[in-house]
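Take a look at the structure set out below.
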Amino acid sequence: MTAMERGYEEQSAQTGIKQELEQIEIELLLSGVHRLYGYDFRNYALPSLRRRIWHHVHTENVPSISALQEKVLHNRDCFERFVYSLSIPVTEMFRDPGLFLTFRQKVIPLLRTYPYIRIWHAGCSTGEEVYSMAILLHEEGLYDKARIYATDMNARSLQQAKEGVYEISKMKQYTKNYMEAGGTRAFSEYYTAKYNSVILQPYLRKNIIFAEHNLATDTSFNEFNVIFCRNVMIYFNDELRDHVHGLFHESLSRFGVLVLGSKESIHFTRFSDSYEPLDRVEKIYRKNK
């Protein structure tokens, strides 16, 4: 064996040890968070989880994942920052306008036949998608007979969602989304501008119930006609994703509608035969058994 080959083997061995140590540190961190706080990230997809953990290591200015674990377990504020960093909200009002336009065209006619409508937005983040639904139902004359349950595991995001206050700089994009989603009014009717922020009209909140709910650990809490869960399960591994699909299947009423994100699908899950597509492109499925 040449010196170069020996050096390559030694480098590979050191890399393997480093990766194994990192894996152990991540597992200990997540196990500690689960045991102490009840938040379970152990079945999140490792690549994205690893990136977010290392980002938080640098944010907290600590030298290692083990040091982050000590800080998270002994400092509640640090823990809350850690949870927020693992559930970074990426959302906007009427995000993916084509989805909301299709929802108007294909799902709203179904909802008109119900005497009462229950909708669950799972992983609602800071609430933009929830208020988009409230506006859509309001314009279709269905909001008064609807209840929207907006849940997330992130308390900070939920608090912002409850307040309904957003940056005024985002309104140009939100207005564009709204019009492309089939909006029938001036979008500015739905908010009041104040300094650099806008506050959504109070009547949009009247039929929304905000609550903490962890898809990894919490159970079903009601029966729903529609469940929105978009771009949440892309961060889960196969085991957790299958668990969440089971939760949704249990929570949907017969002929209930499941709406997933653009990179998600009901296919390759044990529930794929339990749904029929209302729209394959927009990932809207109807439960048939």
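The values are calculated or read from the model by the stated rules, or taken from the named source; none is laboratory data. Predicted, not measured: the structure shown is a model, and the values here were computed from it. Cβ: placed from backbone, ideal geometry, glycine included. Neighbour counts: every protein chain shown. The accessibility values were calculated without ligands, DNA or RNA, using every heavy atom of the protein model including side chains. Shrake-Rupley method; radii C 1.70, N 1.55, O 1.52, S 1.80 Å.
Brief remarks follow.
- Remark on PHE210: its backbone amide H falls under 5 Å from those of ALA150, a criterion applied only to residues 5 or more positions apart or on other chains, H modelled at 1.01 Å from N.
- When the alpha-carbon atoms of the chain are used, the pair Rg, Dmax equals 21.8, 79 angstrom.
- Neighbour cut-off at most 11 other Cβ (10 Å), DSSP loop, chymotrypsin sites (Phe, Trp or Tyr not before Pro), the stretch 111-200: TYR116, TYR195
- Figure note: MET153, MET179 ranked by solvent-accessible area, largest first, 1.4 Å probe, ligands and nucleic acids not counted: MET179, MET153.
- Inter-probe distance in nm under a simple model that places probes 7 Å from Cα toward Cβ, at LYS289 and ILE199: 5.2 nm
- Test item: Cα-centred dipole of the chain, Lys/Arg +1 and Asp/Glu -1 on Cβ, debye: 1040 debye
- Only helices enter the 222 nm calculation for the chain: every DSSP H run of n ≥ 4 contributes -39,500 (n - 2.57), and dividing by all residues gives -14000 deg cm²/dmol, rounded to 500.
- FRET efficiency for LEU73 and THR219, using Cβ-Cβ distance with R0 set to 30 Å, rounded to 0.05: 0.70
- A straight Cα-to-Cα reach below 29 Å connects LYS71 with the lysines LYS18, residues fewer than 8 places away in its own chain not being considered.
- Percent accessible area from carbon and sulfur atoms, the chain, protein chains only, probe 1.4 Å: 51 percent
- Taking the convex hull of the alpha carbon positions in the stretch 34-138 and averaging its projected area over all directions gives 9.2 nm².
- Annotation for the stretch 222-289: chymotrypsin sites (Phe, Trp or Tyr not before Pro) lying in DSSP loop with at most 13 further Cβ atoms inside 10 Å of their Cβ are PHE268.
- Radius 12 Å from Cβ of GLN201, net charge of other residues (Lys, Arg +1; Asp, Glu -1): +2
- Partners for LYS170 among aspartates and glutamates (Cα-Cα distance below 18 Å; same-chain residues under 8 apart left out): GLU92, ASP96, GLU128, GLU129, GLU180, GLU189
- Low-density loop positions, trypsin sites (Lys or Arg not before Pro), the stretch 145-241 - DSSP coil, at most 16 other Cβ in 10 Å: ARG185, LYS206
- Amide H contacts of CYS124 (H built 1.01 Å from N, under 5 Å, at least 5 apart or other chain): THR151, ASP152
- Cross-link partners of LYS145 among lysines (Cα-Cα below 18 Å; sequence separation of 8 or more within a chain): LYS206
- Across LYS106/LYS172; LYS106/LYS283; LYS172/LYS194; LYS106/LYS287, pairs whose alpha-carbon gap is larger than 21 Å: LYS106/LYS172
- R0 of 41 Å, Cβ-Cβ distance GLU189-LEU21: FRET efficiency to nearest 0.05: 0.15
- Added length on full extension, which subtracts the Cα-Cα distance from 0.36 nm per residue, LYS145 to THR59: 26.5 nm
- Other residues whose C-beta falls under 14 angstrom from the C-beta of VAL165 contribute a net charge of +2, scoring Lys and Arg +1 and Asp and Glu -1.
- Built amide H within the under 5 Å cut-off of GLU140, gap 5+: none
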